[in-house]
Every structure is written in C-alpha cells, then in structure tokens.
Amino acid sequence: MQLLNHISIQSHGTLIVESVENIGGHYAKTLRLWNEKFQHHFDDVIKPALLLNHPGLSKEGIEVFRRKWEYYFTYCEAGFVSKTLGDVIITVGREGALELLEGIPL
C-alpha cells in the first residue's frame, strides 16, 4: 500500500493506480515446470550442450551445474508459494487520458 501511495504522491496526483495484479502464483508454477523439464532433458539435451560449450568440464562440474539449477528452481518456487517472494503488475494511468483518445480510431 505504501508503494501505491508513493506513486500518487511523487507524481503529484497525475498518475492514478488503475490495477494491481499479483502474479507470484504463476511464477511458482512456471518454476516447477522448468525444473521438471530441466530434469527430464538433462542427460539427453542439456548435458551434451554443456559439454560442447565447455569441453573440459569434469563429471563433478556437470553435477555441480545440475544441482545448482535444481536448487535454484526449487528454492524460488518455494519462495513464491510461501509468498516470501512476490511479483505484481501495477498499472497506472493519467487523469483525463481517456479524453485524449476520443476521436482516435482504434
């Protein structure tokens, strides 16, 4: 709420918050799906591409890479599920902006 008030105050009332949409739930699902695809394709797609771009990478290095990404996906998903992390879309408009559009064919 403080951020929304700040938008209005700092714009001297010329910007008005029209909507606030919390999309954090979508991020949790997306991260879970990315993790599933990452794990499913690791051996046949990701690992060969990794070795192609980094030919000297050891088995341990490959495992570290895999585990870092699995940790990242899982950690971030948990953050969005628990609402420790969040993402919102704030849409603002200018007072009287609709009047400017009158007469303009869309």
Worksheet item: Ranked by Cβ crowding within 10 angstrom, fewest neighbours first, how are Lys59, Lys29 ordered?
Response: Lys59, Lys29
Item to complete: Could you tell me how many degrees, from 0 to 90 and to the nearest 10, lie between the Cα long axis of helix 24-41 and the main elongation axis, the longest principal axis, of the Cα atoms of the chain?
Response: 20
Item to complete: Name the aspartates and glutamates eligible as straight-distance cross-link partners of Lys29: C-alpha to C-alpha under 20 Å, and not fewer than 8 places from it in the same chain.
Response: Glu21, Glu70, Glu77, Asp87
Practice prompt. Pop out the ³J(HN,Hα) list for segment 84-91 in order, Karplus 6.51 cos²θ - 1.76 cosθ + 1.60 with θ = phi - 60°, rounded to Hz; leave Gly and Pro as x.
Written response: 6, 10, x, 8, 10, 10, 10, 9
Worksheet item: Taking the Cβ of Val88 as the center, what net charge do the other residues with Cβ under 14 Å away carry, scoring Lys and Arg +1 and Asp and Glu -1?
Response: -2
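Per residue of the chain, what 222 nm ellipticity follows from adding -39500 (n - 2.57) for every DSSP H run with n ≥ 4, rounded to the nearest 500?
-18500 deg cm²/dmol
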Worksheet entry | Charge dipole magnitude, Cβ of K and R +1, D and E -1 - segment 1-73, Cα centre, debye nearest 20 | 180
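Since every read-out is calculated from the coordinates, none of them should be taken as a lab result. What you see is a predicted model, and the numbers here were worked out from it, not measured in a lab. Here the Cβ is made from the backbone with ideal geometry for all residues, glycine too, and neighbour counts use every protein chain on show.
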